[in-house]
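Okay, so here's the structure we're looking at.
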Amino acid sequence: MTVQKTERPPSGPTEVQTSDGGPRPGGPRRSAGRLTGVTPYLLLAPAIIVTLLLLGWPLVNNGILSFQNLNMRQFILHLTEWNGFDNYKEVLTGEDFWRVTGRSVAFTAVNVVLIMVLGTLVGLLLARLGRKMRTFLLVGLVLAWAMPVVAASTVYQWLFAQRFGVVNWVLAKIGFESMADHDWLATQASTFFVVLLLIVWMSIPFVAINLYAATTTIPKELYEAASLDGAGAWKQFTQVTMPYLRPFLYATTFLEIIWVFKAFVQVFTINEGGPDRLTEILPVYAYIEGMGNQHFGMGAAIALLTIVILLAITSFYLRIVLKQEEDEL
């Protein structure tokens, strides 16, 4: 009795043969290639759609609103009064807008410099500490970073309160009796000092943790080689550490400029832009003109101009960064 063997057909996709015996183009392999080329766009599509809905559509509506004369009367009666570029002309020809713009730029510059310097020092300290102390400090930084902005602003209001504030109590106990009932929110300088402490305190953790993560990418062999060459601590920092940290510093500074420039919650929660509107920055100025004074079209125009100014500042910074990188190459 003989057993007849039969060959099993291949499990993979079969190639389509042409009349001369070769594979026909346009088979399954080409289809797979087309699908692979479309896949990245399909994966990005949900994020793009959500971004357009949540950011693009409100931005378009805000732009339309900026060309209207809209106050509470028009809002209640559902009237649409187009006034062209009158809102922009009134804003750009007024002194208040340019005064607030200069204040916003100076406020952002001071905050970003302090945040980057102190955050870099804390990040370098994390790299030097032992495991237990590093973990303890990281937990504290994460807790400060994770605190909601409104909650942190409320805590700072309590700390610097005039009658029952902790800061005034401590200063009075150590000999500064005149500070017992000091009003920290009575002047422009002291109010900005409180807001600056709040923003710097909340922003240092991001910079410190980011730069500490960057230091872990530096090979230890480079430090050993620098030590053998007789390089001290400062030379090791400038010759070894900084070249690796520079890209992280550029990216972190870019993000901090954006975050500090639009720090609406901290400024408004502490003193609502007071006293006498002397601590208003552009986001607070747009809100007070739009919602507070009920000039909604004016507020929309200020908001769009704020976006344009922020884009100009960030593009200027990026040009400087790219130019420095080209010079290094």
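Assorted remarks:
- With Cα atoms, 0 to 90° folded angle of helix 95-128 axis to the chain main axis: 60
- Applying 0.36 nm per residue to the separation of GLN324 and VAL139 and subtracting their alpha-carbon distance, the gain on full extension is 63.0 nm.
- Virtual spin-label span in nm between ALA180 and GLU90, 7 Å along Cα→Cβ: 5.0
- Mean-square fluctuations from a GNM of the chain, with a 10 angstrom spring cutoff on Cα atoms, peak among ALA45, ALA300, ALA233 at ALA45.
- The gain in end-to-end length when the GLU224 to ALA172 segment is fully stretched comes to 13.6 nm, 0.36 nm per residue minus the alpha carbon separation.
- Counting only Cβ charges, +1 for Lys and Arg and -1 for Asp and Glu, the dipole size of the range 195-329 around its Cα centre is about 120 debye.
- For the range 285-290, backbone phi angles converted through the Karplus equation (6.51, -1.76, 1.60; θ = phi - 60°) give residue-by-residue couplings of 4, 5, 5, 5, 5, x Hz, Gly and Pro being listed as x.
- For the range 168-251, GluC sites (Glu not before Pro) meeting the loop criterion (DSSP other than H, G, I, E, B) and having at most 11 other Cβ atoms within 10 Å: none.
- 0 to 90° range, to nearest 10: angle between helix 296-328 axis and the chain longest Cα axis: 60
- Dipole of the chain, positive end: most advanced residue of GLY274, ASN71, ILE309 [Cβ charges, Cα centre]: ILE309
- Listed values for the range 270-276 are Karplus-derived 3J(HN,Hα) couplings in whole Hz (6.51 cos²θ - 1.76 cosθ + 1.60, θ = phi - 60°), namely 5, 8, 6, x, x, x, 6, and x replaces Gly and Pro.
- Summing Cβ point charges (Lys, Arg +1; Asp, Glu -1) relative to the Cα centre of the range 32-126 gives a dipole of roughly 300 debye.
- When the range 106-280 is described by a simple charge dipole with +1 on each Lys and Arg Cβ and -1 on each Asp and Glu Cβ, the residue from TRP201, LEU159, LEU129 located farthest towards its positive end is LEU129.
- Taking amide H atoms as placed 1.01 Å from N in the peptide plane, the amide H of HIS182 has no partner under 5 Å among residues 5 or more positions away or on other chains.
- Pairs of Lys residues in the chain are counted when their Cα atoms are under 29 angstrom apart and they lie 8 or more places apart or on different chains; the count is 6.
- Between the amide H of LEU70 and those of PHE296, GLY297, MET298, distances stay under 5 Å, these residues lying 5 or more places away or on another chain, with hydrogens modeled in the peptide plane.
- Per residue, the chain reaches -22000 deg cm²/dmol at 222 nm when only DSSP H runs of four or more residues are counted, each adding -39500 (n - 2.57).
- Ligands, DNA and RNA are left out, and with a 1.4 angstrom probe the accessible area of the chain is 65 Å² per residue.
- Backbone HN-Hα couplings from phi across the range 254-260 [Karplus 6.51/-1.76/1.60, Hz, Gly and Pro as x]: 4, 5, 5, 4, 5, 5, 6
- Gained length - ILE309 relative to LEU77, 0.36 nm times residue gap less alpha-carbon distance: 80.1 nm
- The chain: relative contact order as a whole-number percent, Cα under 8 Å and 6+ apart: 23
- Here the accessible area of the range 106-280 is 69 percent carbon and sulfur, with a 1.4 angstrom probe and all protein chains present.
- Legend: calculated FRET efficiency, PHE193 to VAL50, from the Cβ-Cβ distance at R0 = 30 Å, rounded to 0.05, equals 0.15.
- Under the simplified labelling scheme, the LEU118-TRP158 pair shows an inter-label distance of 2.0 nm, with each label point 7 Å from Cα along Cα→Cβ.
- Dipole magnitude (debye, nearest 20) for the chain, charges at Cβ of Lys, Arg, Asp, Glu: 1220
- Sites TYR244 and VAL110 - FRET efficiency at Förster radius 30 Å, r taken between beta-carbons, to 0.05: 0.65
- Relative to the longest principal axis of the Cα atoms of the chain, the long axis of helix 131-146 makes an angle of roughly 70 degrees.
- DSSP-assigned coil residues among chymotrypsin sites (Phe, Trp or Tyr not before Pro) in the range 130-238, each with at most 14 further Cβ atoms within 10 Å: PHE164, PHE176
The values are calculated or read from the model by the stated rules, or taken from the named source; none is laboratory data. Computed from a prediction, not measured in an experiment: that's the story for all the values here. With ideal geometry, Cβ positions are generated from the backbone for all residues, glycine too; neighbour counts draw on all protein chains shown. Side chains included, ligands, DNA and RNA excluded: accessible areas come from the protein's heavy atoms. Shrake-Rupley method; radii C 1.70, N 1.55, O 1.52, S 1.80 Å.
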